[in-house]
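All remarks here apply to the structure that follows.
What follows draws every value from the coordinates through simple rules; no lab data is involved. This is a predicted model, so every value here is computed, not measured. Here the Cβ is made from the backbone with ideal geometry for all residues, glycine too, and neighbour counts use every protein chain on show.
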Amino acid sequence: MKSPLNIYVVIVTYNGMKWINKCLQDVLQSDIKINIIVVDNCSTDETAAFVKVNYPDIDLVQTNENLGFGRANNIGIKRAIQNNADYVFLLNQDGYVEKDTISKLVSFQIDHPEYGVLSPQQKNGSGTGLDKKFKDIVLGQCITDTYLEAGKTMHDVTFVMAAFWLISADCLMKVGVFDPIFFHYGEDGDYLSRVRFHGFKIGVVMDSIAYHDRQERVVPEMQQLKSFYASQLASLTNINRSLAFCLGKVSYFYLKFSSSQIAKLKFSLLKENTRLFFNLLSKTGQILKSRNTNKQVESYEYLDA
């Protein structure tokens, strides 16, 4: 392993008092030297003040507004790259790591530089099982290949949630950072589409463990619909497919949902479904600009966004 490695952990916080102390304590106990950047997304609780008082050596950036997940992370990534980071590890405020979580990912990437983004195995907050979304979405739907190496299980995936991402500097310099067209939801899917387009692989290293301390809850249908269309923006920006194909896919889901809502007499959902669909189509100009920019190799336009 190259020594010393310059590894930056970027944590975006927003009203994170419930988790931030354990989150930071875990990172600081890592068995590899790390630097931490906290970007506070204009919290209305004491998160920023807590970090400032209790962790004065941590680089704390406070925004003047809630920039959303991607744009806030971009601030931290930019600072890391300006400080010659070899790797950037994105960590959710409600995420916890073990002492060797990051070092195992780094060790694997050094041996396999074709991987631009690596994730640990994501367990639930108590460690009693896998995080449900990780199990259902990643292990259930996105595995393209699995192999064993020196006792490690490695999964090639097309998608993994950005709660715990190790991104190599090489990947960042070729792919760029999060597209500011996204606010919350969809930005991770869009980014990984770009990672694949530029020739990098995405993987989950199963002997590296992290814990996502989020509560599973029943989400109302209206909120599910809004989250779905937020994520569908990533379908339209997917540069691995033609825009015509992507529009056809999104239109198919719109018609499918509309038929279901009519059959169930859920007219308020039908109205919202139509509003969200046409709102998505209204972003066609922005989508075309994003697709053109994101196809460029070594384009770093979004670092100043």
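Observations on the structure shown:
- Each label point was placed 7 Å from the Cα along the Cα-to-Cβ direction; for L288 and K33 their separation is 5.0 nm.
- Measuring between alpha carbons in the structure, the pairs from K99/K135; K201/K226; K135/K201; K78/K123; K123/K249 lying more than 25 angstrom apart are K201/K226; K78/K123; K123/K249.
- Angle between the chain longest axis and helix 267-281 axis [Cα atoms, degrees, rounded to 10]: 70 degrees
- In terms of its alpha-carbon gyration tensor, region 221-294 comes out prolate; a/c meets the 1.5 threshold, and the first ratio a/b outweighs b/c.
- Farthest positive-ward along the chain dipole, Cα basis, beta-carbon charges - from Q29, N6, S268: S268
- Sites matching GluC sites (Glu not before Pro) across region 176-248 that sit in DSSP coil, with at most 16 neighbouring C-beta atoms within 10 Å: E216
- Fraction of beta bridges assigned by DSSP in region 12-166 that are antiparallel (%, nearest 5): 60 percent
- Spatial separation of Cα centroids for region 247-264 and region 132-211, in angstrom: 29 Å
- Gain in span if fully extended, N240 to D45, counting 0.36 nm per residue against the direct Cα distance: 66.1 nm
- Test item: Cα-centred dipole of region 43-154, Lys/Arg +1 and Asp/Glu -1 on Cβ, debye: 140 debye
- Take the Cβ atoms of H184 and S258, set R0 to 35 Å, and the FRET efficiency comes out at 0.90.
- Trypsin sites (Lys or Arg not before Pro) restricted to region 69-148 and DSSP loop, no more than 13 other C-beta within 10 Å: K99
- Cα-centre dipole for region 220-296 with unit charges at Cβ (Lys and Arg positive, Asp and Glu negative), debye to 20: 140 debye
- GNM flexibility winner over the chain from A150, A48, A234 (Cα, springs under 10 Å): A150
- Ordering I77, H155, T284 by Cα displacement along the dipole of the chain toward the positive end leaves T284 in first place; charges were set at the Cβ atoms of Lys, Arg (+1) and Asp, Glu (-1).
- Under 11 Å, Cβ to Cβ, from V51 - net charge with Lys/Arg +1 and Asp/Glu -1: -3
- Protection proxy ranking, highest mean first, for peptides 161-171, 265-275: 161-171, 265-275, where packing is the per-residue count of other beta-carbon atoms within 10 Å, averaged.
- Under a 5 Å amide H cut-off, with hydrogens placed 1.01 Å from N, V9 pairs with N35, I36, I37, F89 among residues at least 5 apart or on other chains.
- Charge dipole of the chain about the Cα centre (unit charges at C-beta), most positive-ward option of G16, A48, Y185: Y185
- Considering only beta bridges that DSSP places wholly inside the chain, some 45 percent are antiparallel.
- Given the choices [x] 1.31; [y] 1.02; [z] 0.97, Rg/Rh (Cα atoms, Kirkwood Rh) derived from the coordinates of this structure is entry [z].
- Prolate/oblate/rounded call for region 139-249, Cα gyration tensor, a/c under 1.5 rounded: oblate
- Local electrostatic count at I239 - Lys and Arg +1, Asp and Glu -1, tallied over other residues with Cβ under 10 Å: +4
- Restricting region 11-98 to GluC sites (Glu not before Pro) in coil, as DSSP defines it, with at most 14 other Cβ within 10 Å: E46, E65
- Each Lys and Arg Cβ is given +1 and each Asp and Glu Cβ -1; about its Cα centre, the chain then shows a dipole of about 1180 debye.
- Taking the chain and dividing mean pair separation by its residue count, relative contact order in percent (alpha carbons under 8 Å, at least six apart): 19 percent
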